[in-house]
1. Could you identify the single residue in D26, D36 that is out of contact with any Ser or Thr (no Cβ under 7 Å at 6 or more places or on another chain) and either more than 19 Å from K110 (Cα to Cα) or open to solvent by 20 Å² or more (accessible area, probe 1.4 Å) (or both)?
2. Pick from A95, A119: which is surrounded by 12 or more Cβ atoms within 10 Å (Cβ to Cβ) and touching a residue at least 60 places away in the same chain (Cβ under 8 Å)?
3. Being exposed (fewer than 14 other Cβ atoms within 10 Å of the Cβ) and either of a type outside the set (D, E) or in a helix (DSSP H, G or I) (or both) is the filter here, so list the residues in the range 80-92 that pass it.
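The values are calculated or read from the model by the stated rules, or taken from the named source; none is laboratory data. Keep in mind that this is a model prediction, so the values were computed, not measured. Heads up, the Cβs are rebuilt from the backbone with ideal geometry, glycines too, and the neighbour counts pull from every protein chain shown. Please note that ligands, DNA and RNA were not included when accessible areas were found on the heavy atoms of the full protein model with its side chains. Shrake-Rupley method; radii C 1.70, N 1.55, O 1.52, S 1.80 Å.
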Amino acid sequence: MNFTQAAKPYILQKLSAAHKSFWNNDNKAGFKALEDAHVIGQYSTYHHTRVHYEMLKFGIKRRDLKEIFGQIFRMIGSLTKTPIGLLPEGNTGGANVSPFKPMPISPENKAILEKIRNAQS
């Protein structure tokens with residue numbers, strides 16, 4: 001099993017949590033779930049790009065130009081840099097942070113990443 005396959009249930013869980021939060025007008029919790037999905041999925045070109053697409057949709061819905069343009073830039077980066085391993089580990093992926101800045105990974109996300117790595121063995 002590769003990383004993309006092993007990460008899929010965790011990414012889907014985070015995306016579902018984000019959509020539920022947005023549906024309930026809790027943008028803070030929704031975006032936090034997207035950030036978690038980004039941290040978990042950034043080692044997969046597919047998941048990395050998909051999460052940036054979800055962040056782009058959030059930016060469009062809020063008419064947030066900084067988020068919209070930031071996510072377009074990040075989607076290009078995820079498509080071109082993820083396959084060669086150029087990732088700022090732990091970066092949460094929103095336009096509110098530098099796309100090049102490594103960040104600490106929460107204990108919850110570290111545990112998920114460890115489960116994914118173990119599933120690959």
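1. Criteria check complete, one pass: D26.
2. Values: A95 fails: touching a residue at least 60 places away in the same chain (Cβ under 8 Å).
Just one listed residue meets the conditions, A119.
3. Filtering the range 80-92 for residues exposed (fewer than 14 other Cβ atoms within 10 Å of the Cβ) gives 80, 83-86, 89.
Across the range 80-92, the qualifying residues are T80, P83, I84, G85, L86.
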